[in-house]
Amino acid sequence: MIESLNNFLTILNDYWQPLLFWDGTAFSGLAVTLWVLVLSLLLGLVLAIPLSVGRVSKNRWIAWPIWFFSYVFRGTPLYVQILLIYSGVIGLQFVRDTPPLQAFFMSGYNCLVLALMLNTLAYTTEIFAGYIKNSAHGELDAARAFGMSRYKMYTRVILPSALRRALPAYSNEVILMLHATSLAFTATVPDILKVARDANAATYLTFAAYGTAAVMYMCISFVLVALFRRLEKRTLGFLGHSQH
């Protein structure tokens, strides 16, 4: 037990800077993980709102392409998606012949954020679409009684209500995306796990190195869960009961 504790202290003493500290030039593993997570989630969230509306559209030419996109990214492993985007796309001739595209796909950060964004976009679209479909009939009848157009119904009634009710499910997606950032090494991005891998290679203290990374992920998860719980209490209080 004492030896294990000493191993953890050794890892923290030798690698706390690459794990936690930012000197203004090189980002720490924690900073990279949070940056990738926030950026991919933000882009995915913004795009998921219009796509979820299109997903429930009665127009098959709108709904079916969105369904197909969602099916592909939910039906294939994220690890494979990252490999295809990071290692595969750059091998396409038209990408190599287009300087902006070549520059974009040469960056591991860009490829990782794109892969994570597309993956969370697929799941978030389905989450929001499900809650849009389950909108309360009373709310819709009231909106029609006020003479609201379909656009106003979506912007003032359907979407605000659906997004609030989707918070518990979306919070789970955020935690899953946090865990998914551990695949950043696939695109050679120096996140928390990459630093832990380097620490393990240098010290051979495998349990301590990866255990430190695990504790960091758990701490971030705890903070995210706490934030979402507070947000849910504020936005779902009108329901009068827990969503869990």
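Computed from the coordinates by the stated procedures, all read-outs in this text should not be read as laboratory data. Being a predicted model, the structure only gives us computed values, none of them experimental. Because the Cβ atoms are built from the backbone with ideal geometry, glycine has one as well, and the counts that use them run over all protein chains shown.
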### Task
Using only the Cα atoms of the range 15-144, build the gyration tensor, take square roots of its eigenvalues as a ≥ b ≥ c, and label the shape rounded, prolate or oblate: rounded if a/c is under 1.5, else prolate if a/b is larger than b/c, else oblate.
oblate
### Three-way shape label, the range 2-239, alpha-carbon gyration tensor, a/c 1.5
oblate
### Query
Between the range 170-238 and the range 53-103, what's the alpha-carbon centroid distance in Å?
25 Å
## Note on the structure
For the range 154-244, whose charge dipole is built from +1 on Lys and Arg Cβ atoms and -1 on Asp and Glu Cβ atoms, the candidate among MET218, LEU231, PRO190 with its Cα farthest towards the positive end is LEU231
### Query
Taking the Cα-to-Cβ direction at PHE94 and at LEU236 and moving 7 Å from each Cα, how far apart do the two end points lie in nm?
4.4 nm
### Message
List the residue ranges in the chain for DSSP H helices whose C-alpha atoms run 30 angstrom or more along the long axis and whose Kyte-Doolittle average is 0.0 or above.
### Response
29-55, 108-133, 206-235
### 25 Å Cα cut-off, lysine pairs counted over the chain (separation 8 or more, or different chains)
4
### Message
At 222 nm, what value in deg cm²/dmol follows for the chain if DSSP H runs of at least 4 each add -39500 (n - 2.57) and the sum is divided by all its residues, to the nearest 500?
### Response
-24000 deg cm²/dmol
### Query
Can you tell which of TYR131, CYS111, PRO77 lies farthest toward the positive end of the dipole of the chain, using +1 and -1 charges on the Cβ of basic and acidic side chains (Lys, Arg; Asp, Glu)?
TYR131
### Query
What is the magnitude of the charge dipole of the chain about its Cα centre, with +1 placed on the Cβ of each Lys and Arg, -1 on the Cβ of each Asp and Glu, and no other charges, expressed in debye to the nearest 20?
1300 debye
